[in-house]
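The values are calculated or read from the model by the stated rules, or taken from the named source; none is laboratory data. Small disclaimer: the values here were computed from a predicted structure and weren't measured. Reconstructed Cβ throughout: ideal geometry from the backbone, glycine too, with neighbour counts over all protein chains shown. In case anyone asks, the SASA skips ligands and DNA or RNA and just uses the protein heavy atoms, side chains included. Shrake-Rupley method; radii C 1.70, N 1.55, O 1.52, S 1.80 Å.
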Amino acid sequence: MFAKGDVAQIISTPSSATLIEKANPELKGKLGYFPIPGRTAKAPGSVFTGGSDLIIPEKADQRSAGYDVIKELAGAKWQEKLAKTMSYVPNKPSLAHVIEGEESTAAMAEGAAEGHATPNSPEWAAVEADNPIKLYMTSVLQGGDPATEAKTASDKITGVLAGS
């Protein structure tokens with residue numbers, strides 16, 4: 001929709017710019033980036049921070065090998081490679097130098113500094129399956145009352161996390 005000119009701005013990850021420019025080459029070099037605005041100009045808004053979940057199944061035959069893989073992926077060497085090749089925000093502030101000069105990733109990193117992760121709960125997958133956050137955002141963008149829609153989404157998430 002953005003590449004077609006149907007919307008003026010989107011909330012997305014930096015890697016989307018490549019796809020947008022591929023779909024509409026006239027946009028190459030014309031896209032701008034900024035973190036989601038906060039309540040004031042002094043700080044960006046609070047955003048979701050997340051990524052891939054790296055796990056080792058409880059009954060894995062090679063648990064120590066799985067641990068080694070996760071340790072490597074979370075380490076500085078792989079975080080730098082991921083940041084450079086995938087427009088990815090590294091997992092440690094000490095690696096911020098890797099994205100210097102990358103306007104899109106730097107904007108995402110600025111927003112991530114004010115970010116929060118999802119709750120550490122085995123029920124979170126059930127929240128994502130129904131996706132009340134997307135429903136909330138869609139409703140507000142279509143004219144729904146933000147406070148009412150936020151309460152609806154919050155109640156739904158709370159209920160799912162409580163196991164109901």
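Given a 1.4 Å probe and the protein chains all in place, what does the accessible area of residue 88 round to, in Å² to the nearest 10?
Accessible surface of residue 88 is approximately 80 Å².
Taking each pair of different alpha-carbon atoms in the chain once, compute 1/r for the pair, average those values, and report the inverse of that mean as the Kirkwood hydrodynamic radius in Å to one decimal. Walk me through the intermediate numbers first.
Working: mean 1/r = 0.0538 Å⁻¹.
Computed over the chain, the radius equals 18.6 Å.
Once label points are set 7 Å from the Cα along Cα→Cβ at both residue 92 and residue 19, what is their separation, rounded to one decimal in nm?
Going from the residue 92 label point to the residue 19 one covers 3.1 nm.
Using a 1.4 Å probe, what is the accessible area per residue for the chain, in Å²?
75
FRET efficiency for residue 59 and residue 162, Cβ-Cβ distance as r, R0 = 30 Å, nearest 0.05? Write down the numbers at each step before the final one.
Numbers: r = 28 Å, r/R0 = 0.93.
With R0 = 30 Å, the Cβ-Cβ based efficiency is 0.60.
Given the DSSP H assignment, sum -39500 (n - 2.57) over each helix run of at least 4 residues in the chain and divide by its residue total; what's the result at 222 nm in deg cm²/dmol, nearest 500?
Values: 7 runs with 74 residues, N = 164.
Only helices count here, giving -13500 deg cm²/dmol.
What do you get for trypsin sites (Lys or Arg not before Pro) in the stretch 8-43 restricted to DSSP loop and a cutoff of at most 12 other Cβ within 10 Å of the site's Cβ? Don't skip to the end; give the middle numbers.
Details: sites: 22, 28, 30, 39, 42; in loops: 28, 30, 39, 42.
Qualifying residues, ordered by number: 28, 30, 39, 42.
With label points built 7 Å along Cα→Cβ from the Cα atoms of residue 9 and residue 103, find their separation and express it in nm.
1.4
Using amide H atoms built in the peptide plane, which far-off residues or other-chain residues are under 5 Å from residue 49 H to H?
HN-HN under 5 Å from residue 49: 116, 117, 118.
Can you work out the Karplus-derived ³J(HN,Hα) for every residue in the stretch 121-135? Use 6.51 cos²θ - 1.76 cosθ + 1.60 with θ = phi - 60°, whole Hz, and x for glycine or proline.
Computed from phi, the couplings for the stretch 121-135 are 9, x, 7, 4, 4, 5, 5, 5, 4, 8, 6, x, 5, 5, 4 Hz.
Could you derive backbone 3J(HN,Hα) for the stretch 95-109 from the dihedral phi with the Karplus parameters 6.51, -1.76 and 1.60 (θ = phi - 60°), listing whole Hz in sequence and x where the residue is Gly or Pro?
Working through the residues one at a time gives 9, 4, 4, 5, 9, 4, x, 9, 4, 5, 6, 5, 5, 5, 5 Hz.
When we measure straight from the Cα of residue 4, which aspartates and glutamates land under 13 angstrom away, once same-chain ones fewer than 8 places off are left out?
Hits, sequence-local ones excluded: 21, 26.
Checking the a/c ratio against 1.5 first, then a/b against b/c, what shape does the Cα gyration tensor give for the stretch 78-152? The partial results should precede the final answer.
Values: a/c = 2.90, a/b = 1.89, b/c = 1.54.
Taking the square roots of the gyration eigenvalues as a ≥ b ≥ c, the stretch 78-152 is prolate.
Only four residue types carry charge here, +1 at the Cβ of Lys and Arg and -1 at the Cβ of Asp and Glu. Report the dipole size of the stretch 23-87 about the Cα centre in Debye, rounded to the nearest 20. Could the numbers behind the result be given before it?
Working: 10 positive and 7 negative charges, 79 e Å.
Once rounded to the nearest 20, the dipole reads 380 debye.
Of 161, 122, 62, which is farthest on the positive side of the dipole of the chain, counting Cα position, with +1 on Lys and Arg Cβ, -1 on Asp and Glu Cβ, and the Cα centre as origin?
62
I need the phi-derived Karplus couplings for the stretch 22-34: 6.51 cos²θ - 1.76 cosθ + 1.60, θ = phi - 60°, integer Hz, Gly and Pro marked x.
Going residue by residue, I get 5, 6, 9, x, 5, 8, 4, x, 10, 7, x, 9, 7 Hz, with x marking Gly and Pro.
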